[in-house]
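Written out below as structure tokens is the structure these notes cover.
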Amino acid sequence: MDSVNRFGPELILLAMAAVIILADIGWALAGTGAERMRRPALGALALTGTAASIIWSALLIAFDEQGEAFSGMIRVDDFALFFNFLFAGTAAIVILASIDFLRRNRFVAEYYALILASTAGMMLLASTIDLIAIFVALELTGISLYILVAFMKDGRSSEAGLKYLLLGAISSAVALYGMAYLFGITGSTSLDEIGLVVSEANGETRSALVLAMVFLIAGFGFKMAIVPFQMWVPDVYEGAPTPVTAFLSVGSKAAGFAVVMRIFLTALGDGSISSDWATVFAILAAISMSLGNITALVQGNIKRMLGYSSIAQAGTFLIGLAVVAAADPQLLLGTSAVLFFLGTYAFTNLGAFIAVIAISSKIGSDQIADYAGVAKRSPLLALGLTICLLSLTGIPPTAGFIAKVYVFNAAVQADLVWLAIVGVLNSVVAAYYYLRVVLNMYTAEPASEESIQPGYYLGLAMVVAVVGLLVIGIFPSPLLEASEAAARVFG
Amino acid sequence: MLNQIPEGVVWAILFLPFGSFAVISLAALLGLTRTGSWEARFSGYLTMAAIAASFLLSLWALDSVLQEDGARIGYDAHEWVTVGSLRFDIGVTVDGLTAIMLIVVTSVSLLVQFYSQGYMRGDPGYNRYYAFMSLFTGSMLGLVLASNILQLFVFWELVGLCSYLLIGFWFYRDSARRAATKAFVVTRIGDLGFLSAILLIWTKTDQLDIGQIQHLAATGMIGSSVITWFALGLFAGAAGKSAQFPLHVWLPDAMEGPTPVSALIHAATMVVAGVYLVARFFPVFIVSEEAINAVVVVGAITAIMAASLAIVATDIKRVMAYSTISQLGYMMMALGVGAIGAAIFHLFTHAFFKALLFLGAGSVNHATGTFDMRKMGGLARFMPVTFLTTTVAGLALVGVFPLAGFWSKDEILIEAWAEKPLIFWTALAGVFLTAVYVGRMLFLTFGGEYKGGEASDHGAQANSRPAEPHESPWVMLLPLVVLATLATTVGFVNITGGMNDILEGWLPEETHELVAAGDFVLWISVVSVAVGLAGLGLAWAIYSRKAIRAEEVSAALEPVQVLLDRKYYLDDLYETVIVKGVIMRGAAAALHAWDRYVIDGVVNGLASLMRFSSEKYRLAQSGQAQLYGAAIFIGVIVIVASVLQDELLGIVGL
């Protein structure tokens, strides 16, 4: 029973996905009379699922029920639970933001079911400690997302979906290849056992280990959207339905970081290989930040801009991973910096995308130039988007500031001063393009005076995100403590 | 004499304006503030009440500090965040420097808020304006009171943020947007230095408490190279905020906001924050020769350069902006020669006469609808109060005895003479240039014939051209008169050197002998006033008497004129060469082109090859996806090769 209990947060999401599909069929059978209630009811079911998952995770903590499940395939520890909250919360906000967006789409039930299934996959990515289970979780997440990206079934959305599918398949294959190498070297699929063998490895296996490591970085780098595995990002972000883009940029990216931390800290955390991957991450961090930010400067489409920005942000998270491999105290500092950053980034980026959903669907354009004078047409949306962009820039008192100080401090403590400098320089470049959107909203003449009213649910999602990032910015303690508790799993 | 100010009251100084901001925002959100009713004016009253209360409490703080001879009244820091070994504190501290700054900020802000009631009357953004003003004032008070460098940085950024909101969010104009972007990016370049300095000192000493850092620096517990880099990082931040060369370019453009905002930014908040920062860390600067020399050199260059630019500007607010930059340069120069008392004393007097100059300019603009001095003239007749008060401010700026500016400028000159004679001569040249631009401004604006003005673009009379200039309403004139009185008298408060004592009373023992201390020198005072009068005389000869024709002067000095018109080519260097040329046209465009043309080009080529493939497949631009896939493998190969380079080189036998 323990296994099922610890698997509960995922289980409830999957069960709810099934309930939603069945309920939809029920509605179809019931005829058109109840049609009016269908959409809100399905949305409510989906939200209930995420809420139940969050509550279940909280109960696991309250009753000290952390531990392993399914004969060592899954480890529900503070790290996994941290991500349970992150993913379920993200899914809840995305669902809220989708209710208005899907007003004219027939396949609402499928949409919510896929979101829930994908969320369950992400949670598993954070908790599985066996290579085979990891791969299954990776595919559960990925396949749901491929369909979601293509969900609008118009030209752009289909194109994005197909691209995402093809590149996702390549990446999965690459990751699988890396796992096969690990298995070949160590003879085990369990991360703990691999870790034992790797820590005693002599020089002979080094080349093979390096190959495995790089394949894993490449495979999961796709999910994390870091350079040079980021090529798909702008096209897919632009083409996907915007709520799905938000989900990709937060949930999927966080899942990539979760699994990478799990594998690299458990299986490859000891021995000389750890300094190898730390160096690789440090260099990829610098390149991702610089390339993402500089390319974002010239983007005219706000979804593409946020895409490049998310590449740059991923680069900043990587700083934390690069810090990890140094001595023990840094291990804690680096890991918790990544976790804290992911938490703040979730609120920030979700908020930004929600504002984009609300504004773009009204003005019918994703072009930054068309955001002219939005502040006049909807002061609250403009204010919300401004706060999110300030947080992405890293200006106090938003959450983004604390996160940046925390991660740069971690880099300096670990003697990666050059990396901190690259990061700080990048935040100046980033300030420029984020601010451009803000100023366009506030100081340019609007094309029309018609006011923009976000729907009720969208407004609620926006408020949650913005209040969240301000609260974290002013009272960061709870999230910092949670990040540190989660990081201590590897300590 | 009151009891020593308790900590809760100190916090109240800071939280009163924040509270006013919160209440106004909440009221606006709930739709309680309709225009044209009493409720609409309520935000102004609330802001003034909050700041007035802060001012009274600041007087209490000053009283407590006087009893301590300016020494630090430390309060225990409060734990804000603790994670493992990391601990961030927040707290407040009051000492001589803080108390003087509190008085400056609250008093100038109060007068500006009062004046704004007239200037902003009928503006649809009235509530928003007062909400931002409350936040702005509160942030500046937080900056001054912070006992912890990270906390100081947070308020530092908030002050910056508010000023961009106030600069850029007013007019729907392209130039306002560009100005705000420029201000934001340029000051962020400076902040980068500040943030790096924080990370450096935190790593090296494990301290963020300002008092502790000062103590460690003064007692030689920190290595000299760390101190130098730390100080230079701080100075980069200060130079960005206080518009010091070469980061001064944003301030003249940042004049797009409402004039009262400019008054507040230039006199008491935003830009003096940089000077305050250097003063706050004076014990750190003073022990590093390199850092203190950087301060004095940059200050001197800024003072002269900005004063020369003020002579050619035609927009009255731009003249003021360059004047502010130049005066900030004076303060930095004073800090650089070790005269912290003189520097902050000058900050104190400057706050009043500069606020007065701006509010006077606002009053002129209110009457004529323009800031272009070439369209003014003859206003002395129409606006006697504005004319008289602005003249007082101008003469104070020049440093004419016995106005406020004379005392503080004189003190800087005396200290400079005692410490670094070269700086003394530079400062004296600055006095002359200052007198010329002040004279030019006064004669062009108030002398001669009225030249017509322009349609207004703010307030209730937006877009209507006034037939004849008129004196401003009493709500605007009263602050002018109060400020003029202050600009005349505040210089006397330091006549016995009492202010210097409390401004230096908080410095660590070890640094006392490094602080400059010059005694009154009569000939310096006489010479500086004479030089000032000579400058005014020259301006009179050119712009009023027309004995010397301005055109002839500029023709004779054509290369100089061109250099000044192009603002020493610094804006061109930054905007055209660095931003447009290197970053936008170079790096970003190259990366973008790679994305767009190389990849898409290959794609289109491949796509035409694939015309036979199915419709769906072609839609997906399969070539692009293939290329993206190939990039993954290239990435893998490059990373593997670089990690295993030793092994690989071994295989091929190198």
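The values are calculated or read from the model by the stated rules, or taken from the named source; none is laboratory data. No experiment lies behind these values; they were computed from the predicted model shown. No Cβ is skipped: glycine too gets one built from the backbone with ideal geometry, and neighbour counts run over all protein chains shown. For the accessible areas, the whole protein counts, side chains as well, though only heavy atoms, and no ligand, DNA or RNA atoms are used. Shrake-Rupley method; radii C 1.70, N 1.55, O 1.52, S 1.80 Å.
Here is how the numbers come out for the structure above:
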quantity: Selection count, the range B:349-408, where residues are under 17 Å from B:Pro258 (Cβ atoms) and within 20 Å of the chain's Cα centre (by Cα); calculated: 9
quantity: Selected residue [among the small types (Gly, Ala, Ser) and outside any helix (DSSP H, G or I)] from B:Gly118, B:Gly122; calculated: B:Gly122
quantity: Any hit, the range B:195-208, residues being at the interface with chain A (Cβ under 10 Å from one of its Cβ atoms) and closer than 15 Å to B:Gly274 by Cα; calculated: yes
quantity: Selection count, the range B:212-232, where residues are more than 23 Å from B:Gln244 (Cβ to Cβ), open to solvent by 20 Å² or more (accessible area, probe 1.4 Å) and in contact (Cβ under 8 Å) with a residue 40 or more places away in the chain; calculated: 4
quantity: Test result for A:Leu458, in contact with a helix residue (DSSP H, G or I) (Cβ under 7 Å, 6 or more places away or on another chain), free of Cβ contacts under 8 Å to residues at least 24 places away in the same chain and open to solvent by less than 40 Å² (accessible area, probe 1.4 Å); calculated: no
quantity: Residue check, A:Ser275 within 10 Å of chain B (Cβ to nearest Cβ) and either under 30 Å from A:Ser361 (Cα atoms) or in a helix (DSSP H, G or I) (or both); calculated: no
quantity: Filtered residues of the range A:403-428 (kept if β-branched (Val, Ile, Thr), more than 8 Å from every other protein chain (Cβ to nearest Cβ) and open to solvent by 10 Å² or more (accessible area, probe 1.4 Å)); calculated: A:Val417, A:Val422
quantity: Scan of the range B:635-654 for residues that are modelled with pLDDT of 80 or more, assigned to a helix (DSSP H, G or I) and at the interface with chain A (Cβ under 7 Å from one of its Cβ atoms), ordered by number; calculated: B:Gly635, B:Val636, B:Ile639, B:Val640, B:Val643
quantity: Single residue of the range B:151-165 satisfying the filter (open to solvent by 10 Å² or more (accessible area, probe 1.4 Å) and touching a helix residue (DSSP H, G or I) at 6+ places or on another chain (Cβ under 6 Å)) that is nearest to the other protein chains (Cβ to nearest Cβ); calculated: B:Leu158
quantity: Filter pass, A:Glu110 being more than 14 Å from every other protein chain (Cβ to nearest Cβ), open to solvent by 30 Å² or more (accessible area, probe 1.4 Å) and not polar (S, T, N, Q); calculated: yes
quantity: From A:Asp235, A:Asp270, residue being over 24 Å from A:Phe79 (Cα atoms) and open to solvent by 10 Å² or more (accessible area, probe 1.4 Å); calculated: A:Asp235
quantity: Any hit, the range B:83-92, residues being under 30 Å from A:Ala430 (Cβ atoms) and either more than 12 Å from chain A (Cβ to nearest Cβ) or surrounded by 23 or more Cβ atoms within 10 Å (Cβ to Cβ) (or both); calculated: yes
quantity: Helices (runs of 4 or more DSSP H) fully within the range A:374-418 counting 2 or more residues that are under 18 Å from A:Leu479 (Cβ atoms); calculated: A:379-393, A:399-413
quantity: Residue among A:Leu306, A:Leu321, A:Leu297 that alone is in contact with a Phe, Trp or Tyr (Cβ under 6 Å, 6 or more places away or on another chain) and more than 10 Å from chain B (Cβ to nearest Cβ); calculated: A:Leu321
quantity: Hey, A:Leu167 touching a residue at least 12 places away in the same chain (Cβ under 8 Å) and surrounded by fewer than 21 Cβ atoms within 10 Å (Cβ to Cβ) or not; calculated: no
quantity: Residues of the range B:470-515 satisfying the condition of being under 30 Å from B:Pro260 (Cβ atoms), of a type in the set (S, T, N, Q) and open to solvent by 30 Å² or more (accessible area, probe 1.4 Å); calculated: B:Thr485, B:Thr488, B:Thr489
